[in-house]
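Visitor: Sending over a structure as structure tokens; questions will come in a sec.
The values are calculated or read from the model by the stated rules, or taken from the named source; none is laboratory data. From a predicted model like this one, the values you see are computed outputs, not experimental measurements. Every residue, glycine among them, receives a Cβ derived from its backbone with ideal geometry; neighbour counts consider all protein chains shown. All accessible areas refer to the heavy atoms of the entire protein, side chains included, with ligands and DNA or RNA removed. Shrake-Rupley method; radii C 1.70, N 1.55, O 1.52, S 1.80 Å.
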Amino acid sequence: MKFYNAAAPSPRRVRIFLAEKGVKLPREDLDLQEGATRTPEFLAKNSLGGTPVLELDDGTVLTESMAICRYIESLHPEPALLGTDDLDAAKVEMWNRRMEIEIFSTLGSIAQHSFEFFADKVEQVPAFAEVQKRTAVRKWQWLDGELADGRPYIAGDRFSVADITGMAALMVGDFVGVEIPATFSHVNRWNDGMRSRASWSA
Ligand SMILES: N[C@@H](CCC(=O)N[C@@H](CS)C(=O)NCC(=O)O)C(=O)O
């Protein structure tokens, strides 16, 4: 098995997932700035040219960070990061999608519409990046309201992949310079907790 990794938010979701499970995989680190995922060899593995990619020993290739996490969970069930029973798994899925769609994607679109790296990958609209900076603050405010019930983690009482997606979003927020306002005390409590986990630096 081989994990194709890069210094970027999506592969970081998998790195954190692996670190939380205490699993180490053979890994190749790719330099995105050098276009290492845009070679014919890599595009044959992932036609979208993105990381993470997990290549199995029989040649099967998995792309998409969540698909890779799901496969890793099947091999290493503990600690359960995708839910402990059917209802819990549904709640984790619900919150993971909310974190991905509402927070991670909003912050990611700021980078996509303003960073030179994306200039040849998306049709950039710089004004949209500015709109999304304001939108991101509103999304954090929404999450603050959700976490006002005092729960320690995004999906409830247990750390889950929804928190990991949130951790990746925090990293994107650092990149694009969107800070969580100090008045959002509940999100900041969660933010502090995530940054103090050993897996934060994975
Ligand atoms: N939806 C995919 C996103 C994959 C993706 O966009 N990966 C980025 C890093 S965050 C990448 O490797 N980009 C390299 C490129 O586009 O050349 C996932 O969750 O795995």
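Visitor: Could you check region 119-132 and list, in sequence order, the residues that are open to solvent by less than 70 Å² (accessible area, probe 1.4 Å), over 13 Å from Glu102 (Cβ atoms) and in a helix (DSSP H, G or I)?
Guide: Ala127, Ala129, Val131
Visitor: For region 102-116, state whether one or more residues are surrounded by fewer than 12 Cβ atoms within 10 Å (Cβ to Cβ), within 16 Å of the ligand (Cβ to nearest atom) and in a helix (DSSP H, G or I).
Guide: Yes, the conditions are met somewhere in region 102-116.
Visitor: What are the pairs with Cβ atoms under 9 angstrom where one residue, in region 51-64, is within 16 Å of Leu25 (Cα to Cα) and without any contact (Cβ under 8 Å) to a residue 24 or more places away in the chain and the other, located anywhere, is among the hydroxyl-bearing types (Ser, Thr, Tyr) and open to solvent by 40 Å² or more (accessible area, probe 1.4 Å)? Sequence gap at least six, or different chains.
Guide: Within 9 Å, the pairs are Leu62/Tyr71; Thr63/Ser47.
Visitor: Can you tell me which residues in region 25-64 are part of a loop (DSSP other than H, G, I, E, B), more than 9 Å from the ligand (Cβ to nearest atom) and of a type in the set (Asp, Glu)?
Guide: Of everything in region 25-64, those that are part of a loop (DSSP other than H, G, I, E, B), more than 9 Å from the ligand (Cβ to nearest atom) and of a type in the set (Asp, Glu) turn out to be Asp31, Glu34, Asp57, Asp58.
Visitor: Sticking with this structure for a sec: Any idea which residue in region 8-24 is nearest to the ligand (Cβ to nearest atom), counting only those that are of a type in the set (Gly, Ala, Ser) and open to solvent by 20 Å² or more (accessible area, probe 1.4 Å)?
Guide: So the residue we want is Ser10.
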